[in-house]
Amino acid sequence: MLPGMKRKRMVAIVGAGNLASALAISLHAVGYTIEAVVGRSGSASPARARNLAKAVGAHARTSLPRNLQACAIWFCVPDSEIHKAAGAVADKMDWSGRIALHPSGALTSDELDELRRRGAAVASVHPMMTFVRGSRPRLIGVPFAVEGDAAAVQAAQRMVKDLGGRAYTIRKVDKAAYHAWGTFASPLFTALLATAEHVARAAGVPAKEARGRMIPILLQTLANYAGLGAANGFSGPIVRGDVETVRQHWRVLRQVPSAREVYRALLIAALDYLPSKNRAQLRNALRG
């Protein structure tokens with residue numbers, strides 16, 4: 001491998017959280033050299049950075065070194081810290097010819113403007129995936145939304161391809177709606193499951209037991225959605241137009257007020273977006 005090609009496959013990771021860990025380990029697994037993992041001093045981050053650096057054969061740092069060789073630097077820090085993190089390292093090295101990336105779904109590449117002004121090509125590169133402690137998802141098949149400078153977008157697309165993911169471009173103006181979409185797909189879906197556990201408790205089923213009992217129907221629902229789409233994968237009293245059953249739900253959910261509001265919102269969404277009978281009567285059933 002030519003020296004220039006080797007440098008293009010050298011990466012530094014700023015941050016050591018769940019996403020940073022999954023990214024670093026996945027890049028390392030497909031042949032990228034992780035030169036440095038940077039953890040913020042004065043927090044738990046340095047310890048996490050040391051553990052991650054050990055896993056990928058990198059050096060753990062509390063700041064980017066001036067003699068950094070890596071061509072690409074990922075800023076895997078909380079959204080509110082991206083601009084600040086870029087500003088903190090802007091004068092620490094020569095940014096000409098480097099690629100600076102951040103994985104925020106909501107924020108654009110402009111968060112890295114300080115580095116862009118110093119010669120870096122910058123981009124936002126967001127994987128549509130959930131990252132939590134205790135789970136390290138593979139990135140194979142994961143879609144990544146990419147926007148930014150041409151050179152950074154091209155480099156990001158190459159990395160995503162190497163990871164086995166799928167890169168597609170997104171407009172800056174669409175990022176807020178894109179991130180809201182992702183929030184519905186994962187964290188709010190988790191909130192719905194937590195709500196379901198509370199309704200199960202009203203039925204006399206403890207939350208832990210409810211989780212186990214829900215898994216089969218959840219898996220089949222996802223399989224139906226994946227294979228048939230939302231409309232054809234929709235079942236239950238709303239699609240049948242079973243007004244009396246919905247009235248019974250509405251009455252008993254007085255015991256779980258927050259769940260009652262979720263039920264109202266989702267039933268209305270179902271009537272707006274999915275096939276159902278007796279639409280007017282089902283809406284009226286929520287007035288009691």
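The values are calculated or read from the model by the stated rules, or taken from the named source; none is laboratory data. Every value quoted in this text rests on a predicted model; they were computed, and no experiment measured them. Cβ coordinates were reconstructed from backbone atoms using ideal geometry, including for glycine residues, and neighbour counts include every protein chain displayed.
Loosely packed, with under 13 Cβ neighbours inside 10 Å, closer than 25 Å to VAL142 by Cα and in contact (Cβ under 8 Å) with a residue 40 or more places away in the chain: is that true of PRO187 in this structure?
So PRO187 passes the test.
Quick one: what pairs do we get from region 58-70, first residue more than 14 Å from MET10 (Cβ to Cβ), second of a type in the set (S, T, N, Q), C-beta under 9 Å, 6+ apart or different chains?
ALA60/ASN51; THR62/SER41; THR62/SER45; SER63/SER41
Which is of a type in the set (Gly, Ala, Ser), assigned by TED's automatic domain parsing to the domain that holds ALA191 and within 20 Å of SER186 (Cα to Cα), of GLY212, GLY241?
Among GLY212, GLY241, only GLY212 is of a type in the set (Gly, Ala, Ser), assigned by TED's automatic domain parsing to the domain that holds ALA191 and within 20 Å of SER186 (Cα to Cα).
Do the conditions hold for ALA270, that is, is it aliphatic (A, V, I, L, M), free of Cβ contacts under 8 Å to residues at least 40 places away in the same chain and in contact with a helix residue (DSSP H, G or I) (Cβ under 8 Å, 6 or more places away or on another chain)?
yes
For region 212-238, name all the residues that are in contact with a helix residue (DSSP H, G or I) (Cβ under 8 Å, 6 or more places away or on another chain), over 17 Å from ASN284 (Cβ atoms) and hydrophobic (A, V, I, L, M, F, W, C).
Answer for region 212-238, where residues must be in contact with a helix residue (DSSP H, G or I) (Cβ under 8 Å, 6 or more places away or on another chain), over 17 Å from ASN284 (Cβ atoms) and hydrophobic (A, V, I, L, M, F, W, C): MET214, LEU218, ALA230, PHE234.
From the list VAL38, VAL89, which one is more than 24 Å from the chain's Cα centre (by Cα) and hydrophobic (A, V, I, L, M, F, W, C)?
VAL89
Look at LEU115 and say whether it is farther than 14 Å from LEU23 by Cβ, touching a strand residue (DSSP E or B) at 6+ places or on another chain (Cβ under 8 Å) and in contact (Cβ under 8 Å) with a residue 40 or more places away in the chain.
No, not satisfied.
Counting only residues that are in contact with a strand residue (DSSP E or B) (Cβ under 8 Å, 6 or more places away or on another chain) and assigned to a helix (DSSP H, G or I), which one in region 18-32 is nearest to PHE75 (Cα to Cα)? Working first, answer last.
In the first step, residues of region 18-32 are kept if they are in contact with a strand residue (DSSP E or B) (Cβ under 8 Å, 6 or more places away or on another chain); the result is 19-20, 23-24, 27-28, 32.
Going one step further and asking which of them are assigned to a helix (DSSP H, G or I), we end up with 19-20, 23-24, 27-28.
On the way: LEU19: 11, ALA20: 9, LEU23: 11, ALA24: 12, LEU27: 15, HIS28: 17 Å.
Filtering first and then ranking leaves ALA20.
Exactly one of (1) farther than 18 Å from LEU192 by Cα; (2) surrounded by 14 or more Cβ atoms within 10 Å (Cβ to Cβ); (3) over 28 Å from the mean Cα position of the chain (by Cα) is unmet by ASN224. Its number?
Looking at each condition in turn, ASN224 falls short on (3).
Just one of (1) farther than 27 Å from MET129 by Cα; (2) surrounded by 14 or more Cβ atoms within 10 Å (Cβ to Cβ); (3) out of contact with any Lys or Arg (no Cβ under 9 Å at 6 or more places or on another chain); (4) free of Cβ contacts under 8 Å to residues at least 40 places away in the same chain trips up PRO257, so point out which.
Among (1) farther than 27 Å from MET129 by Cα; (2) surrounded by 14 or more Cβ atoms within 10 Å (Cβ to Cβ); (3) out of contact with any Lys or Arg (no Cβ under 9 Å at 6 or more places or on another chain); (4) free of Cβ contacts under 8 Å to residues at least 40 places away in the same chain, PRO257 violates only (2).
Pick from ALA223, ALA280, ALA269: which is in the same structural domain as THR190 (by TED's automatic domain parsing) and either of a type outside the set (Gly, Ala, Ser) or closer than 24 Å to ALA202 by Cβ (or both)?
Only one candidate qualifies: ALA269.
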